[in-house]
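Undergrad: Can you keep this structure in mind? I'll have questions shortly.
The values are calculated or read from the model by the stated rules, or taken from the named source; none is laboratory data. This structure is a prediction, so every number in the text was calculated from the model and none was measured. Positions of Cβ are generated from backbone atoms using ideal geometry, with glycine treated the same way; all protein chains shown enter the neighbour counts. Protein only, heavy atoms only, side chains kept; ligands, DNA and RNA dropped before computing areas. Shrake-Rupley method; radii C 1.70, N 1.55, O 1.52, S 1.80 Å.
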Amino acid sequence: MEQQRHLIDKLNYGGSLSREEWILLIEGRCEELAQYLFSLAREKCQEHYGRDIYIRGLIEFTNYCRNDCLYCGIRRSSRKIRRYRLTKEQILSCCRSGYELGFRTFVLQGGEDGAFNDEEMAALITSIRKSYPDCAITLSIGEKDRESYQAFFDAGADRYLLRHETANPGHYARLHPPGQTLKHRKQCLFNLKDIGYQVGTGFMVGSPYQTTADLAEDLLFIQNLNPQMVGIGPFIPHHDTPFASAPAGTLELTLFMLGLLRLMLPKLLLPATTALGTIHPRGRELGILAGANVVMPNLSPADVRKDYALYDNKLCTAAESAECRKDLERRMEAIQYRVVTDRGDSLNHSAQVTPAIN
Ligand code: 5AD
């Protein structure tokens with residue numbers, strides 16, 4: 001364990017680790033080492049962000065998807081789920097109630113739904129931008145052409161979330177059908193950065209066939225991309241996918257990875273994700289105590305929430321709803337953190353920190 005402790009110290013002092021060192025550190029972890037990592041990760045996070053927890057209002061506006069990711073419950077081949085798409089008016093109404101609840105970031109997340117073409121997306125973004133000049137608009141709608149990303153950016157979108165899922169091309173190929181490649185996903189991420197978006201990427205912990213070497217690749221890729229946000233959560237099987245009987249990722253490894261990410265990129269925006277909250281009743285609190293500093297409650301209308309089922313038992317009950325902001329506040333206060341309502345921009349040097357005023 002001395003060796004692992006030394007590697008954590010190296011990270012804490014700003015050093016970077018090699019692939020072999022990452023593997024040694026992850027494989028050699030134990031409870032005591034994890035506690036050591038989490039205390040440093042909390043300290044590092046508090047240096048930059050204090051005890052502030054940022055909130056993002058998540059609007060899952062369509063569950064139609066042209067992709068067929070093997071792990072995902074809303075994949076094209078899922079025949080049993082009820083498909084829905086919200087109208088522009090419904091989406092704007094989610095923003096309105098979110099704004100009243102104190103949300104200053106709206107995350108428009110959806111499957112890759114051709115019905116929302118570029119013109120429609122741009123018009124939607126323009127409307128939100130006009131109504132909420134003080135809010136950040138985050139998109140999470142998958143792989144698009146550079147021109148589309150540019151058009152959305154010009155319409156007023158500030159941020160984009162696109163998880164790379166796994167940085168090992170061989171592993172990527174086992175999680176996706178042949179038409180979907182890691183190369184294209186990475187190209188999208190670099191295009192988004194180049195255009196000027198604040199970018200979020202991320203991966204699932206414990207996805208089928210994942211090895212420690214794959215996790216090391218994930219960390220190396222993230223270090224190289226240097227995104228403003230990284231979303232990670234445990235893989236959770238969905239009963240109607242090819243991975244229905246694969247084991248879920250663990251809370252323990254997810255928390256450890258959160259701690260490592262915090263030390264590797266101290267100013268990262270690091271959400272304690274819904275998946276983490278799904279595998280353990282205190283998952284999100286534990287995520288924050290391991291170094292996370294963002295939570296993303298659901299602003300979607302209650303009657304469609306259950307249909308955005310990426311995996312089984314996804315949190316979509318009262319505790320997850322934006323109406324329960326008070327509950328979230330109490331949970332954060334119970335661990336001596338506080339929910340703040342500003343846009344919560346990344347302190348990362350390449351982030352734009354001036355609020356939009358158009
Ligand atoms: N378990 C956990 N996370 C999942 N995602 C998709 N399917 C699952 C699953 N079965 C994650 C992916 C995707 C994000 C929107 O949800 O990482 O990028």
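Undergrad: From the residues in the range 207-239 that are assigned to a helix (DSSP H, G or I) and β-branched (Val, Ile, Thr), which one is most open to solvent (accessible area, probe 1.4 Å)?
TA: Among residues in the range 207-239 that are assigned to a helix (DSSP H, G or I) and β-branched (Val, Ile, Thr), the one most open to solvent (accessible area, probe 1.4 Å) is Thr212.
Undergrad: In addition: Just wondering, is there one or more residues in the range 260-268 that are at pLDDT 95 or above and within 14 Å of the ligand (Cβ to nearest atom)?
TA: no
Undergrad: Only one of these conditions is not met by Lys306: (1) over 23 Å from Arg51 (Cα atoms); (2) open to solvent by 10 Å² or more (accessible area, probe 1.4 Å); (3) modelled with pLDDT under 95; (4) within 14 Å of the ligand (Cβ to nearest atom). Which number is it?
TA: Going through (1) over 23 Å from Arg51 (Cα atoms); (2) open to solvent by 10 Å² or more (accessible area, probe 1.4 Å); (3) modelled with pLDDT under 95; (4) within 14 Å of the ligand (Cβ to nearest atom) one by one, Lys306 breaks only (4).
Undergrad: Hey, which of the helices (runs of 4 or more DSSP H) in the range 132-205, taking only ones fully inside, have at least 2 residues that are closer than 23 Å to Arg56 by Cα and touching a residue at least 12 places away in the same chain (Cβ under 8 Å)?
TA: Correct list: 146-155, 182-195.
Undergrad: Scan the range 200-211 and tell me whether some residue there is more than 11 Å from the ligand (Cβ to nearest atom) and of a type in the set (Phe, Trp, Tyr).
TA: Yes; the residues of the range 200-211 include at least one that is more than 11 Å from the ligand (Cβ to nearest atom) and of a type in the set (Phe, Trp, Tyr).
Undergrad: Looking at the range 1-10, which of its residues are part of a helix (DSSP H, G or I) and surrounded by fewer than 18 Cβ atoms within 10 Å (Cβ to Cβ)?
TA: Within the range 1-10, Glu2, Gln3, Arg5, His6, Asp9, Lys10 meet the criteria.
Undergrad: Within the range 314-340, take every residue that is surrounded by fewer than 14 Cβ atoms within 10 Å (Cβ to Cβ) and part of a loop (DSSP other than H, G, I, E, B) and give me the one that is modelled with the lowest pLDDT.
TA: Thr317
Undergrad: How about the range 163-196: which of its residues are closer than 30 Å to Pro133 by Cβ, open to solvent by 10 Å² or more (accessible area, probe 1.4 Å) and either within 16 Å of the ligand (Cβ to nearest atom) or not β-branched (Val, Ile, Thr) (or both)?
TA: Arg163, Phe190, Asn191, Lys193, Asp194, Gly196
Undergrad: In addition: Can you report the number of residues in the range 225-234 which are within 7 Å of the ligand (Cβ to nearest atom) and over 19 Å from Arg284 (Cα atoms)?
TA: The total comes to 0.
Undergrad: If Met121 satisfies every condition in (1) within 14 Å of the ligand (Cβ to nearest atom); (2) in a helix (DSSP H, G or I) but one, which is the exception?
TA: (1)
Undergrad: Just checking: which of the strands (runs of 3 or more DSSP E) contained wholly in the range 11-112 hold 1 or more residues that are touching a residue at least 24 places away in the same chain (Cβ under 8 Å), open to solvent by 10 Å² or more (accessible area, probe 1.4 Å) and within 16 Å of the ligand (Cβ to nearest atom)?
TA: 57-62, 105-110
Undergrad: Only one of (1) more than 13 Å from the ligand (Cβ to nearest atom); (2) more than 26 Å from Tyr149 (Cα to Cα) fails for Pro237. Which number is that?
TA: (1)
Undergrad: Suppose we filter the range 265-295 for residues that are open to solvent by 30 Å² or more (accessible area, probe 1.4 Å), touching a residue at least 60 places away in the same chain (Cβ under 8 Å) and assigned to a loop (DSSP other than H, G, I, E, B); how many remain?
TA: Looking only at that region, the number is 2.
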